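Asker: Quick one: the structure is below, questions incoming.
Derivation of every value follows stated rules applied to the coordinates shown; laboratory data play no part. Note that the structure is a prediction, hence the values are computed from the model and not measured. Every residue, glycine among them, receives a Cβ derived from its backbone with ideal geometry; neighbour counts consider all protein chains shown.
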Amino acid sequence: AQRVTQPEKLLSVFKGAPVELKCNYSYSGSPELFWYVQYSRQRLQLLLRHISRESIKGFTADLNKGETSFHLKKPFAQEEDSAMYYCALGGATNKLIFGTGTLLAVQP
Amino acid sequence: DGGITQSPKYLFRKEGQNVTLSCEQNLNHDAMYWYRQDPGQGLRLIYYSQIVNDFQKGDIAEGYSVSREKKESFPLTVTSAQKNPTAFYLCASSSDRVTGELFFGEGSRLTVL
């Protein structure tokens, strides 16, 4: 079965501090991992996907198959990063399963 | 204006009534999805459709039904059999057969009185 775990409901950091949003997954096949973000009063949107191996808005995420993790990182948090972040898992089943989400609050 | 349109934004229903939520997309996407969003539970997949006239149950399909008669439309019916229907419902579409980027609507909030 596909499962995504985001252990933190809320992560509060100060502006300029490093950020790491945790995501662990369970999947027997070849996983496709994504991070989605929902800013206040905006639609849920894709932030990045593991196959792209790119940095978006300063965020990066590396797929670690050994630890079954896909943590989202940013070296210096900005106030505009405050949002709800969801980790999502896809694969050959053609459906995307989301975690419970982590609310990131960046304090000034 | 391209994208996903959900209607209505807010809906109130009495217990025992069925209600249908509309989802329309003009992105020419093959795949469409319905998720339910509850506080602390994230997004849970209700139904999804990879192609017209075909759809599959997600993780919480009980008490819901869908149809996919047209590529651009994927309505969700919340039936009276759904035990806890008060929630925020999100529709999404994707252009990839194998999971790709999902484009989401603004959502519909259903309240059962």
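Asker: Report the gain in length on full extension from B:Lys9 to B:Thr86: 0.36 nm times residue separation, minus Cα-Cα distance, nm rounded to one decimal. All intermediate terms of the calculation are to be shown ahead of the outcome.
Answerer: Details: separation 77, 0.36 × 77 = 27.72 nm, distance 1.34 nm.
Net length gain for the segment: 26.4 nm.
Asker: Size of the dipole of the protein assembly as shown about the Cα centre, Lys and Arg at +1 and Asp and Glu at -1 on the beta carbon, nothing else charged, in debye to 20? Mind dumping the intermediate values first?
Answerer: On the way: 25 positive and 22 negative charges, 70 e Å.
Dipole size: approximately 340 debye.
Asker: What is the mean number of Cβ atoms from other protein chains located within 10 Å of the Cβ atom of each residue in peptide B:32-43, rounded to a whole number?
Answerer: Values: counts 0, 2, 0, 4, 0, 6, 1, 3, 3, 3, 12, 11.
Across B:32-43, the average partner-chain Cβ count within 10 Å equals 4.
Asker: Give a residue-ordered list of calculated ³J(HN,Hα) values for region A:26-40 (Karplus: 6.51 cos²θ - 1.76 cosθ + 1.60, θ = phi - 60°; whole Hz; x for Gly, Pro).
Answerer: Calculated HN-Hα couplings, in order: 9, 6, 7, x, 8, x, 10, 10, 9, 10, 10, 9, 10, 7, 4 Hz.
Asker: Which residues' amide hydrogens lie under 5 Å from the amide hydrogen of B:Glu106, considering only partners 5 or more residues apart or on another chain, with H built in the peptide plane?
Answerer: Result for B:Glu106 returns B:Gln6.
Asker: Among A:Ala83, A:Ala61, A:Ala17, determine the one that fluctuates most according to a GNM of chain A built with springs between C-alpha atoms less than 10 Å apart.
Answerer: A:Ala17
Asker: ³J(HN,Hα) across region B:8-20 via Karplus (A = 6.51, B = -1.76, C = 1.60, θ = phi - 60°), whole Hz, x for Gly/Pro?
Answerer: Going residue by residue, I get x, 6, 10, 8, 10, 9, 7, 4, x, 9, 7, 9, 10 Hz, with x marking Gly and Pro.
Asker: Normalise the Cα radius of gyration of region A:34-108 by 2.2 N^0.38 Å (N = residues in it) and let me know the number. Don't skip to the answer; put the middle values down first.
Answerer: Values: Rg = 12.7 Å, N = 75, 2.2 N^0.38 = 11.3 Å.
Against the compact-globule rule of thumb, the ratio is 1.12.
Asker: Here's something else I'd like to know. With +1 assigned to the C-beta of every Lys and Arg and -1 to the C-beta of every Asp and Glu, and no other charges, what is the dipole magnitude of chain A about the Cα centre in debye, to the nearest 20?
Answerer: The dipole of chain A has a size of about 200 debye.
Asker: How many angstrom separate the Cα center of region B:60-109 from the Cα center of region A:1-38?
Answerer: Centre-to-centre (Cα) distance: 24 Å.
Asker: Further, regarding this structure: Using the Karplus equation 6.51 cos²θ - 1.76 cosθ + 1.60 (θ = phi - 60°), what ³J(HN,Hα) coupling, rounded to whole Hz, does each residue of region B:81-88 give in order, writing x for Gly and Pro?
Answerer: So the Karplus estimates, Gly and Pro as x, are 7, 6, 6, 9, x, 5, 5, 9 Hz.
Asker: If you average the C-alpha positions of region A:49-74 and of region B:1-41 separately, how far apart do those two centres end up, in angstrom?
Answerer: 30
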